[in-house]
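Heads up, the thing below is written out as structure tokens.
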Amino acid sequence: MSLPTTPRLLRINQVAAETGLTARTIRYYEEVGLLEPAARSEGDYRLYDDSDLERLQFIRSLRDDAGFSLAQIGQLLEDEDARERNRERLRQTDDPDERRSLLLDARERVDHQIEILEAKAARLRTMIDEAHVRRRHLDSHLVELEGGPKPHPERDR
């Protein structure tokens, strides 16, 4: 018979070392509602579990890799938290009307996430398209240097 394992709880400096975030950033995320420590020690130190580490890594990825603002991250996390609560309630009920309501709410939240992600993707697509235009413009100047046509013949007038 195996004994239940105690979840690993880390202090903020340990979490900072594991996530690459500063303790100040982690405290700020808590302050603005993006994170809630799993527990507090007897000395009132913040204690974080593995799910907190995952959440912090997700926040960091959204912020650094995808360029989301903290407000957008908060919206995405809020929808994800609500979906998780709905998932638990869904497991606990057999009432078809309640299940339908929970599923519709979850679908609305996913639609909201899709809307946020698609808006970000559209902004990125525009930025990429603009960068391609700049590159083509630079390429035309390089062609001119090699004896090709001038990119702006109208400027010679």
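The values are calculated or read from the model by the stated rules, or taken from the named source; none is laboratory data. Treat the numbers as computed from the prediction; the structure is a model and nothing was measured. Note that we place each Cβ from the backbone using ideal geometry, even for glycine, and neighbour counts take in every protein chain shown. Ligands, DNA and RNA are excluded from the accessible area calculation, which covers all protein heavy atoms including side chains. Shrake-Rupley method; radii C 1.70, N 1.55, O 1.52, S 1.80 Å.
Results, tabulated for the structure shown:
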{"item": "Unmet requirement for D94, which otherwise passes all of (1) open to solvent by 100 Å² or more (accessible area, probe 1.4 Å); (2) in a helix (DSSP H, G or I)", "result": "(2)"}
{"item": "Sole exception among (1) open to solvent by less than 50 Å² (accessible area, probe 1.4 Å); (2) free of Cβ contacts under 8 Å to residues at least 40 places away in the same chain for E88, by number", "result": "(1)"}
{"item": "Residues of the stretch 137-157 classified as of a type in the set (D, E, K, R) and surrounded by fewer than 10 Cβ atoms within 10 Å (Cβ to Cβ), total", "result": "5"}
{"item": "Residue list for the stretch 55-70, filter: out of contact with any helix residue (DSSP H, G or I) (no Cβ under 9 Å at 6 or more places or on another chain) and either open to solvent by less than 70 Å² (accessible area, probe 1.4 Å) or hydrophobic (A, V, I, L, M, F, W, C) (or both)", "result": "S61"}
{"item": "Members of the stretch 5-26 that are in a helix (DSSP H, G or I) and either among the aliphatic types (A, V, I, L, M) or surrounded by 15 or more Cβ atoms within 10 Å (Cβ to Cβ) (or both)", "result": "I12, Q14, V15, A16, A17, T19, A23, T25, I26"}
{"item": "Hits in the stretch 71-85 - residues which are in contact with a helix residue (DSSP H, G or I) (Cβ under 7 Å, 6 or more places away or on another chain) and open to solvent by 20 Å² or more (accessible area, probe 1.4 Å)", "result": "Q72, Q75, R83"}
{"item": "D49 vs. criteria farther than 30 Å from L124 by Cα, exposed (fewer than 12 other Cβ atoms within 10 Å of the Cβ) and either hydrophobic (A, V, I, L, M, F, W, C) or over 16 Å from the mean Cα position of the chain (by Cα) (or both)", "result": "no"}
{"item": "Subset tally (residues that are in contact (Cβ under 8 Å) with a residue 40 or more places away in the chain and over 13 Å from A23 (Cβ atoms)) for the stretch 53-63", "result": "2"}
{"item": "Verdict on E108 being open to solvent by 60 Å² or more (accessible area, probe 1.4 Å), under 26 Å from S61 (Cα atoms) and assigned to a helix (DSSP H, G or I)", "result": "yes"}
{"item": "Within the stretch 119-151, considering residues that are in a loop (DSSP other than H, G, I, E, B) and charged (D, E, K, R), the one modelled with the lowest pLDDT", "result": "K150"}
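Okay, residues lined up against (1) part of a helix (DSSP H, G or I); (2) in contact with a Ser or Thr (Cβ under 9 Å, 6 or more places away or on another chain); (3) surrounded by 12 or more Cβ atoms within 10 Å (Cβ to Cβ):
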site	(1), (2), (3)
E30	yes, no, yes
L35	no, no, yes
D44	no, no, no
L53	yes, yes, yes
L104	yes, no, no
H112	yes, no, yes
L117	yes, no, yes
